[in-house]
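One structure is given here, and the rest of the page talks about it.
The values are calculated or read from the model by the stated rules, or taken from the named source; none is laboratory data. Keep in mind it's a predicted model, so treat the numbers as computed, not measured. Cβ sites come from the backbone with ideal geometry, for glycine too, and all protein chains shown count toward neighbours.
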Amino acid sequence: MAKLLIRGGTPLKGTVNISGAKNSALPIIVAACLADGESVLENIPQGIDVYTISMILKDLGAQIWFDESKRLHVIPDGLDRYQASYDLVRRMRASFYVAGLLLARLGRAEVPLPGGCALGSRPVDYHLKGFQALGATVSIEHGYVKAEASELVGTKIYINRSSVGTTMNLMLAASRAKGTTLLENAAKEPEVVDLAIYLNSMGARIRGAGTDIIRVDGVDSLKGTEYSIISDRIEAGTFMVACGITGGELLLANVVPEHLRSTIMKCEEAGLEIEEGISEIKVRANQRPLAVDVETAPYPGFATDMQQPFVAMMAVADGTSVIRETIFDRFRYVDELRRMGADIKVERDTAIIRGVPELTGAPVEATDLRAGAALVLAALTAKGETEISGVELIDRGYEHLDKKLRQLGADIERISDDCEESLMEHLTPPLMERL
Ligand code: EPZ
């Protein structure tokens with residue numbers, strides 16, 4: 001398993017290129033398989049989750065590969081299998097998007113129930129309810145969700161609570177259903193809008209994405225096209241906080257500032273100086289961060305994926321902050337921050353953080369993707385050396401995080417254990433050559 005070794009204390013300085021959004025890439029790669037003909041996707045981050053979803057779709061019969069200029073080609077014409085690989089799907093919850101794809105394309109789907117993860121139980125009951133509303137029969141047998149529909153018929157679907165995955169999955173299924181589907185109480189995340197724009201560029205007829213009512217007029221077919229996905233607002237937010245925690249000065253390039261509004265507001269409250277351009281953001285931090293209270297919420301609220309990196313900065317802030325997590329059960333990583341000297345108390349969905357002047361390096365373990373990022377940020381300011389294990393979790397959602405940080409002056413190195421190559425190396429070659 002790979003590890004990161006970080007010696008803290010260096011303020012980050014320089015320009016960082018923000019990669020494409022993982023949470024756009026995953027549904028859009030799946031959506032490309034709804035079409036007839038090739039799609040060419042740009043700005044796709046080469047992280048482990050992108051490899052996993054690509055391997056699942058290849059296993060179902062699609063052709064997927066990165067060309068030499070890192071554009072992802074998807075040719076779905078050979079996609080004719082409706083049973084997704086148990087081993088691959090269980091690695092990543094977003095794999096459940098293939099259920100919407102297979103139902104819409106083949107009228108049949110057998111997809112393993114995505115397991116829970118470090119964020120607590122993550123049911124898919126809203127997804128299944130939506131598929132049934134569209135006319136599918138759905139059952140759960142031997143750990144598989146089995147769904148079948150001779151024809152999907154548009155209808156009105158109220159989604160119990162704002163759910164990115166449910167909104168995406170039902171958009172996929174409804175795009176090729178007969179008639180009109182209304183998704184009410186839909187998620188408004190920028191990645192939902194990105195998916196809708198891509199589907200429309202393929203001939204779908206989706207209106208209202210970005211609001212809480214999305215109208216989908218089903219069409220008989222979609223055709224492959226070229227598309228460039230949006231930049232990753234969570235990666236951008238993570239680097240903004242990295243600047244705040246190390247007292248540096250960064251230029252974030254290739255970002256969409258309006259997707260970061262809540263993070264920018266909270267970082268400014270914490271004392272960071274932020275200057276927005278059209279597609280870049282300048283961040284400067286020349287004082288200890290100030291304690292700030294935060295409550296996570298669906299977009300445009302403060303993103304739950306930013307909670308963990310932000311808590312790392314509050315751990316060294318001047319004062320006490322209260323962070324309430326309303327989306328997931330995701331404070332397990334706080335135990336690891338405590339090993340570094342953080343003074344945090346967690347009561348149900350709320351963390352009370354008493355900022356300390358300094359953290360100290362320690363051996364810690366990433367429990368999930370964003371927890372891993374939080375530990376990296378804490379290590380960047382901690383006195384002495386921190387060894388972080390579970391780096392493959394960080395590689396799931398950040399493209400070359402350690403390399404980007406090193407280029408900004410961080411003292412960080414990756415140690416990979418020879419006996420186990422990370423999923424990334426294992427999956428890269430099959431995607432680097434055309435079948
Ligand atoms: C997406 O997860 C993201 N993942 C998550 O990012 C992100 O934290 C989350 O949205 C919230 O913004 C991807 O896009 C691949 P939800 P998703 O459905 O779709 C409950 C990261 O680090 N719920 O919006 O799984 C659910 O338990 C990841 O990049 C049901 O109860 O999240 C949660 O409490 C972590 N039943 C709430 O809704 C359902 O059928 C919102 O979850 C579906 C969801």
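Points worth noting:
- Test result for residue 306, among the aliphatic types (A, V, I, L, M), modelled with pLDDT of 95 or more, more than 21 Å from residue 357 (Cβ to Cβ) and within 16 Å of the ligand (Cβ to nearest atom): yes
- Scanning the range 144-161 for residues that are surrounded by fewer than 19 Cβ atoms within 10 Å (Cβ to Cβ) and within 15 Å of the ligand (Cβ to nearest atom) turns up 158, 160, 161.
- When 273, 295, 269 are checked against the criterion of being more than 16 Å from residue 370 (Cβ to Cβ), in contact with a Phe, Trp or Tyr (Cβ under 9 Å, 6 or more places away or on another chain) and of a type in the set (D, E, K, R), a single residue qualifies: 295.
- Residue check, residue 141 without any contact (Cβ under 8 Å) to a residue 24 or more places away in the chain, away from the ligand (no atom under 11 Å from the Cβ) and either of a type outside the set (Ser, Thr, Tyr) or more than 24 Å from residue 156 (Cα to Cα) (or both): yes
- Looking only at the range 48-66, and only at residues there that are in contact (Cβ under 8 Å) with a residue 40 or more places away in the chain and either out of contact with any helix residue (DSSP H, G or I) (no Cβ under 6 Å at 6 or more places or on another chain) or among the hydroxyl-bearing types (Ser, Thr, Tyr) (or both), the one that is nearest to the ligand (Cβ to nearest atom): 52
- Scanning the range 22-69 for residues that are in a loop (DSSP other than H, G, I, E, B) and surrounded by fewer than 21 Cβ atoms within 10 Å (Cβ to Cβ) returns 37, 38, 43, 46, 61, 67, 68, 69.
The rows are residues; the columns are (1) away from the ligand (no atom under 16 Å from the Cβ); (2) surrounded by fewer than 16 Cβ atoms within 10 Å (Cβ to Cβ).
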| site | (1), (2) |
| --- | --- |
| 271 | yes, no |
| 275 | yes, yes |
| 288 | yes, no |
| 291 | yes, no |
| 298 | no, no |
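- Condition met for residue 255 (in a helix (DSSP H, G or I), within 21 Å of the chain's Cα centre (by Cα), more than 30 Å from residue 77 (Cα to Cα) and touching a residue at least 60 places away in the same chain (Cβ under 8 Å)): no
- Candidate set: the range 105-135, residues that are over 23 Å from the mean Cα position of the chain (by Cα) and more than 14 Å from residue 146 (Cα to Cα); chosen: the one nearest to the ligand (Cβ to nearest atom): 133
- Residue check for residue 42: acidic (Asp, Glu) and either under 18 Å from the mean Cα position of the chain (by Cα) or under 30 Å from residue 244 (Cα atoms) (or both): yes
- Taking strands (runs of 3 or more DSSP E) as the structural unit, those lying wholly within the range 204-250 and holding at least 2 residues that are at pLDDT 95 or above and aliphatic (A, V, I, L, M) correspond to 213-217.
- Assessment of the range 353-374 against the conditions (touching a residue at least 40 places away in the same chain (Cβ under 8 Å), crowded, with 24+ Cβ neighbours inside 10 Å and part of a strand (DSSP E or B)) yields at least one matching residue.
- Single residue of the range 333-391 satisfying the filter (within 16 Å of the ligand (Cβ to nearest atom), charged (D, E, K, R) and in contact with a helix residue (DSSP H, G or I) (Cβ under 8 Å, 6 or more places away or on another chain)) that is modelled with the highest pLDDT: 370
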